[in-house]
Every structure is written in C-alpha cells, then in structure tokens.
C-alpha cells in the first residue's frame, strides 16, 4: 500500500532539506536568537536585581535621612535650650551686677552724704566755736574790764579743772 | 480512461463551490444541479478520492473546469542504471501518454508510480522501477516550507540583532513564546539545564517544521494542501534524525542500561539475554513510534476532513436534495474538524519535539534517575 510505503525520492529530498534547514537555521537563526534571548533575560534579571538594590538603598537612605533630621532637630533644640539658658544667665548676671552697682552707688552716695554731713557738722562746729570764741572774747573783753569779775572767772575755771 | 485522480481533486473544489453558492444564491441552483447530476453519473468513489488526496503526486492539481484539468506540472527526475532523465510531468498528459520510455501508471500495483514502457507503449513488467527523485507535490511543498522557515527565522534573527535587549515586536512576539516554551518546558525539563543547549537547534527546527507543515496541510489550495507531515517518508526521516542523535549522544550509562539493565533479576539476562533484547527493541521502537504517530495523526485528520466532504457526494448520488441537505451538516463537521486539526497540528509538533527531547535526555543523563 502506497500510504505506508516511503518513497525513495521524498526520503532523499527530505533528508537533504531537513539537514539544510537544521544547519542553516541552527547557525544563522537559532544561535543568535537563543543568544539574544539569554542576554535579554540576564539583562532583565540584572535590572530587577538593581531595582531591588536601589529600593533597599532608598529605604536605607530614607532611614538615615530621618535619623539625620532627628539629630538635627535634637541639636537645634539643645542649642535653643543652651541659648535660652545663656540668655537667662546673662540677664541674671546683668541684673545682679546692676543691682550690685546700684547698691554700691547708693552706698557710696550714703557714705559721701554722711561724710558731707560730718564735714558740714564739723564746719558748723568750728563756725560755732569761732563764733563762740568771738562772743566769748567780746564778753570777756567786757567782763575783764572789771577785776573782780576776772578773779571770779579764774576761780571758776580753776575749780572746774580736775587735777588728778 | 480519464485521469480520475485529477478529477477527484476537483470534486473537492466543486463541493466548496456548491456549498458557498447554495447559501447565497438560489438562482444558481439550476446550474449546480446539472453538475451534480454529472457527478452522479461518474460514480463517486470516496475511498479512492481520499487516498489520492493524501498520497504524493507528480503534479500539483489546482482545479478542473469544463472538462479541462488545470495543474502545475512538476519536474520528473529519474535515475535508472546510471542514467538520469529529467523532464516535466506535463509530458505524461496526466498519465495518458508515455514519454522517453517512461509512463505514469494510473492503475494496478504501481499506481501513481513511474514505470518503464517499451517502444509500443506496453508496460515492461519485468524491469525494475526507476529510482524516482522527482520534485513531486510533497517535495515542492517541502521546499516551500523550507523557504518559508528560512525566511521567517532568518529575518527574525536579524530583528533580534537589530532590536537588542528590547521587547519583542510583531512576528517576534508570536514566535518567541513558542521558542521559550520549547526551551524551558521541553528542552530544559527533559534534558537538563546543563546539556539542553546542544539539542536546541534540532528541537526548534523539528518543532517549527512540523507545526508549519501541519498548518500548511490544512490549507486546501496551492501553497498548502500537500499532506507532507502525513507522509511516512517525511516522518521517517525526522524520526531517523532523532534516532541518530539519540544514539550518538548516548553515554556509558545509556548503553549500560541497554546491555545490563539494573534492577532486573539476573535470570532475565543470562543465559537468554531477554532484557537486553527488550531494551534493544525499545531503542528501535522509540523512533518508530515517533514516525507512526505523526504520520497517522495527520493522515487521519486529512481522511476525516475529506470524508465529510465526500459524504455530500455520496448523499448527492442518492438524491440531489439529500446532497444539498447534508452539505450543511458536512460543512459544519468540516469546520469542526478543521479547528480540531489546528489543535492537532500544534499537539503533534509538541509531542514529537517533547519525545525527541526526552530520548536525548535519557541518552545523555549522567545519573539515571528514570530507571526502575
């Protein structure tokens, strides 16, 4: 039966054609295509890996950014706190100094007032003494005109003086 | 006698013609009725017509119209005892005339073959048949498919080079999944990651060759229509390729399995080498099965499809009305079979490739896990 009886011609041409096809396609089609597919696959793999790495890095970066921000904030807070403290201290110091100065001024003013007062008093005393003397002189001059009076006075003085 | 094989091809086209026009044009019915009556007279033989369709032919029949046969003559190349003769098959006038001492036998034992005739035109029964290397319908179809495959894949390779590391486009995106399927699901899984690359050219070529020719066989007119993958010579050559590659890639383990199968009781090997015999038969059976499976599947598909068309004429011979009536059913079944054949075209290409890959994998496996 012809159906299951392979013909020599077709076997011959088929062998030739198929061999040709395998060699030509193998050399000029399958080899470059397989190579390209492989290359593309490894490229895609690589790209995916890189993307994953980049994402990881981004995460890390974000984390460190946050850390940095937190640190900066803390530092700023600390600085502000310090500044406030310094300011307060300065004000306090200034106030202290000022009050001290004021005290000192008041004190010195008081002192000088006292001094002036003492001076004035002394002067006044002196003046009074001088005046007294003058008055006394005048009185004495008047008094001494009479001898008895002189004697009386001498006696009086003498009695007042304590000889011990 | 008139060339019945050329005529029978025309039945197919007349059938398609009928079906087409009986649906859209009623006024055509008078004419077609006359033709169907003519068909009835010529005694339609479905079996003969089907066989003539699925075997090889020395000319490529296009159509028959008004008693004239239109066909593409194909070159005849004969080798007989150191003598080569080449001429066109049109010299035979569809088997009616002898040429150059040769004749295309239309009946009997050597039907469809070229036989030697003597000066009087009488067939020389005693002489051997000349070796026929003609470019037959199947050979031409083979050349067309080789050209198509080269064209498709060489241009695709160029496209791959041009669009390096870019997404596939056009034909690429249609064929690439198939290439990846063969690589990942056939080659890698049955041969192994390490050795699969060596077999890829053969596996890809075999797959696309079978697939394309299966599809071309489904096209009922010129560039297609030849039953190439349903021809036993073609499947035999491909199975032999698989056999040769399997044999040459067989390593120590593979041969040891054959001559001294492990896990088998010794008395099956000595004194009568029963197991080695079974193994050797297995080695030969594998490609044989490959050959028969593809041949039988594709041929059966063609036979069934042609059978449905023949039914129209068989019923038409009983009564014209029955012929018309059944044509609707036939066309429906023909379309159904066509769709099924599309599936079979892929499955058979897949199975042939997968089994070849499995055989290569078995022959080259370093540790025989598949034993027992």
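Can you put B:302, A:38 in order, fewest other beta carbons within 10 Å first?
So the residues, fewest neighbours to most, are A:38, B:302.
Can you tell me the length gained on complete extension of the stretch residue B:150 to residue B:85, counting 0.36 nm per residue apart and subtracting the Cα distance?
Full-extension gain reported as 20.4 nm.
Which one, B:214, B:227, B:251, has the greatest fluctuation when you compute a Gaussian network model over chain B with C-alpha springs under 10 angstrom?
Answer for the Gaussian network model of chain B: B:251.
Hey, with R₀ at 25 Å, roughly what FRET efficiency would residue A:37 and residue B:244 work out to, going by the Cβ-Cβ distance, to 0.05?
Using R0 = 25 Å, I get an efficiency of 0.35.
Can you compute the equivalent ellipsoid semi-axes for segment B:139-233, i.e. the square root of 5 times each eigenvalue of the Cα gyration tensor, sorted largest first and rounded to whole Å?
In descending order the semi-axes read 26, 19, 11 Å.
For chain B, what does the helix formula give at 222 nm: sum of -39500 (n - 2.57) over DSSP H segments with n ≥ 4, over the residue count, nearest 500 deg cm²/dmol?
-20500 deg cm²/dmol
May I ask for log10 I(q)/I(0) of the protein assembly as shown at q = 0.05, 0.10 Å⁻¹, from a Debye sum over the Cα atoms as equal point scatterers with solvent left out?
The Cα Debye sum returns log10 ratios of -0.42, -1.00.
Kindly provide log₁₀ I(q)/I(0) values, in the same order as q = 0.10, 0.20, 0.24 Å⁻¹, from the Debye equation applied to equal alpha-carbon scatterers of segment B:205-306.
Taking Cα atoms of segment B:205-306 as identical point scatterers yields -0.42, -0.95, -1.18.
Summing -39500 (n - 2.57) over the DSSP H runs of n ≥ 4 in chain A and dividing by its residue number, what mean residue ellipticity at 222 nm do you reach, to the nearest 500 deg cm²/dmol?
-33000 deg cm²/dmol
Report the gain in length on full extension from residue A:8 to residue A:50: 0.36 nm times residue separation, minus Cα-Cα distance, nm rounded to one decimal.
Here the segment from residue A:8 to residue A:50 would lengthen by 9.3 nm.
Which angle from 0 to 90°, rounded to the nearest 10, does the C-alpha axis of helix A:8-25 make with the longest principal axis of chain A?
Here the helix axis deviates by roughly 20 degrees.
What angle, in degrees between 0 and 90 and rounded to the nearest 10, separates the Cα long axis of helix B:320-364 from the longest principal axis of the Cα atoms of chain B?
20 degrees
Points 7 angstrom from Cα along the Cβ direction at residue B:45 and residue B:167: gap in nanometres?
5.9 nm
Which residue fluctuates the most in chain B, going by a Gaussian network model with Cα springs under 10 Å, if the choices are B:156, B:337, B:200?
Maximum fluctuation in the GNM of chain B, among the listed residues, is at B:156.
In what sequence do A:28, B:160 fall when counting other Cβ within 10 Å, fewest first?
Going from least to most buried by this count: A:28, B:160.
May I ask you to derive the relative contact order of segment B:75-132, considering only C-alpha pairs under 8 Å and at least 6 residues apart, and to give it as an integer percent?
27 percent.
Evaluate the relative contact order of chain B (contact order divided by residue number), counting alpha-carbon pairs under 8 angstrom at least 6 apart; express in whole percent.
Relative contact order of chain B: 19 percent.
Taking all pairs of distinct Cα atoms, average 1/r, flip it, and tell me the Kirkwood hydrodynamic radius of chain A in Å to one decimal place.
30.9 Å
Please find, in a Gaussian network model of chain B (springs between Cα atoms separated by less than 10 Å), the residue of B:65, B:102, B:350 whose mean-square fluctuation is greatest.
The residue that fluctuates most here is B:65.
Between residue A:91 and residue A:123, what FRET efficiency comes out of the Förster formula 1/(1 + (r/R0)^6) with R0 = 45 Å and r the beta carbon distance, rounded to 0.05?
0.45
Rank these for me by crowding, B:182, B:303, going from fewest to most other beta carbons within 10 Å.
The fewest-first ordering by Cβ neighbours comes to B:303, B:182.
Name the residues of segment A:79-98 whose amide N is less than 12 Å from a point 7 angstrom out from the Cα of residue A:105 along the C-beta direction?
A:98
Taken together, the values in this text are just the output of simple stated rules run on the coordinates, not laboratory data. Being a predicted model, the structure only gives us computed values, none of them experimental. Ideal geometry is used to build each Cβ from the backbone, glycine not excepted, and the neighbour counts take in all protein chains shown.
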